[in-house]
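Structure first, then comments.
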Amino acid sequence: MPHVSYEPSDTEVRDLGLWLWFATLSLWPRVLLIAFWIFGSLLGDAFSTWIVPVLGFLAAPATTVSYALMWGLNSETVSGAEWLVVAVGVLLDLWMWGCWVRLRGRT
């Protein structure tokens, strides 16, 4: 029986890397949000209603995590340079959604 070898194309390798990056950007902020909810009061303190963390969990998890972290860091408000960390969270969420759009366009 002949041995058939398969070598993935460059596009398949890039897609695999993009899927892994998308999974990482999607998973870990959500894991942190669940941990904050189970093991502490950080989410309840940072947000006055339950709807914002739920929407953040679904649509913008990195932004929600970074805002909650900056809120509870030391001042119970987000001000000054702390907004830069929140902006990084926004950029990570946009990157995650950009990966999703690109991957969905290829399937």
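Considering VAL52, VAL88, the condition of being modelled with pLDDT of 95 or more and touching a Ser or Thr at 6+ places or on another chain (Cβ under 8 Å) is satisfied by VAL88 alone. Taking segment 40-68 as the region of interest, how many residues are closer than 17 Å to PRO29 by Cα, touching a helix residue (DSSP H, G or I) at 6+ places or on another chain (Cβ under 7 Å) and of a type outside the set (Phe, Trp, Tyr)? Within segment 40-68, residues that are closer than 17 Å to PRO29 by Cα, touching a helix residue (DSSP H, G or I) at 6+ places or on another chain (Cβ under 7 Å) and of a type outside the set (Phe, Trp, Tyr) number 13. Consider segment 63-107 and keep the residues that are of a type in the set (A, V, I, L, M) and touching a residue at least 40 places away in the same chain (Cβ under 8 Å). The one that is most open to solvent (accessible area, probe 1.4 Å) is LEU92. Taken over segment 49-62, the criterion of being open to solvent by 70 Å² or more (accessible area, probe 1.4 Å) and not in a helix (DSSP H, G or I) is satisfied by TRP50 alone. When each of ASP45, ASP15 is tested for being over 30 Å from ARG104 (Cα atoms), in a helix (DSSP H, G or I) and not basic (Lys, Arg), the lone residue that passes is ASP45. Listed conditions (1) among the small types (Gly, Ala, Ser); (2) at pLDDT below 95; (3) closer than 15 Å to ASP93 by Cβ are all met by ALA62, apart from (2). If the condition is being charged (D, E, K, R) and either free of Cβ contacts under 8 Å to residues at least 24 places away in the same chain or under 27 Å from ARG102 (Cβ atoms) (or both), then segment 16-62 contributes only ARG30. Note on segment 7-24: among residues that are open to solvent by 80 Å² or more (accessible area, probe 1.4 Å) and hydrophobic (A, V, I, L, M, F, W, C), the one that is nearest to the chain's Cα centre (by Cα) is TRP21.
The values are calculated or read from the model by the stated rules, or taken from the named source; none is laboratory data. In this text the structure is predicted, and so the values were computed from the model without any measurement. All Cβ positions, even for glycine, are placed from backbone atoms using ideal geometry, and neighbour counts span all protein chains on display. Ligands, DNA and RNA are stripped out before the accessible areas are found, and what is left, the full protein with its side chains, is counted by its heavy atoms. Shrake-Rupley method; radii C 1.70, N 1.55, O 1.52, S 1.80 Å.
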